């Protein structure tokens, strides 16, 4: 009879007789659960496609009531039950990135801060520094950078930097989100979790 082997995490073939029973049991447990997770992933993917098709079929039917065709597949939709108990939302979010002009804006803003160093409030310097911080994935927070444009600063260089930020915005793609809500006893809509971690 051929000797049985198990492959370790570095790709080596280890004779099964040399693997501890607890390690074999761990391997079996994780494989069984991972197989179930993969099946659930496929079920959720099919569910997502099915409900998306249902939503757009309904939107098309609704538009037909007015002699129109539904053309809003890139738009947001909110549908509720007649009694308001359930609500579902289809939301499209653009994924925004900044091109090289963001660095130009940063340099101009740095010049502004240096120019204002005597009279500038420390909060502005903190806001600017926070806006350009990168996260663990090396990405800059879009919301923080765009938040700089809300500051009421009338300096010509600052305005030039804000224009550079605006012109540096690029839409790299769009992502569709499906969310489901149930109204609780207080009348607030609470999201129905489909994320395992949220259950």
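Looking only at the stretch 100-141, how many residues end up being under 19 Å from residue 169 (Cα atoms), surrounded by 14 or more Cβ atoms within 10 Å (Cβ to Cβ) and in contact (Cβ under 8 Å) with a residue 12 or more places away in the chain?
Of the residues in that region, 11 qualify.
Return the pair list, or none, for Cβ contacts closer than 7 Å from residues in the stretch 44-70 that are under 18 Å from residue 89 (Cβ atoms) to residues that are in a helix (DSSP H, G or I), at least 6 apart or on different chains.
Cβ pairs passing all conditions: 70/56; 70/59; 70/60; 70/63.
Go through the stretch 97-175 and tell me which helices (runs of 4 or more DSSP H), entirely inside it, have 3 or more residues that are closer than 30 Å to residue 76 by Cα. Write out each step before concluding.
Working: elements: 101-115, 122-131, 142-147, 156-168.
Where helices (runs of 4 or more DSSP H) fall fully within the stretch 97-175 and carry at least 3 residues being closer than 30 Å to residue 76 by Cα, they are 142-147, 156-168.
Identify all residues within the stretch 176-199 that are out of contact with any helix residue (DSSP H, G or I) (no Cβ under 8 Å at 6 or more places or on another chain) and assigned to a loop (DSSP other than H, G, I, E, B); write none if there are none.
Hits for the stretch 176-199 are 184, 185, 186, 187, 188, 192, 193, 195, 199.
Which residues, counting only those in the stretch 147-192, are within 30 Å of residue 37 (Cβ to Cβ), surrounded by 11 or more Cβ atoms within 10 Å (Cβ to Cβ) and at pLDDT below 90?
176, 178
The values are calculated or read from the model by the stated rules, or taken from the named source; none is laboratory data. Computed from a predicted model, the values in this text were never measured in an experiment. Note: ideal-geometry Cβ built from the backbone for every residue, glycine included; neighbour counts use all protein chains shown.
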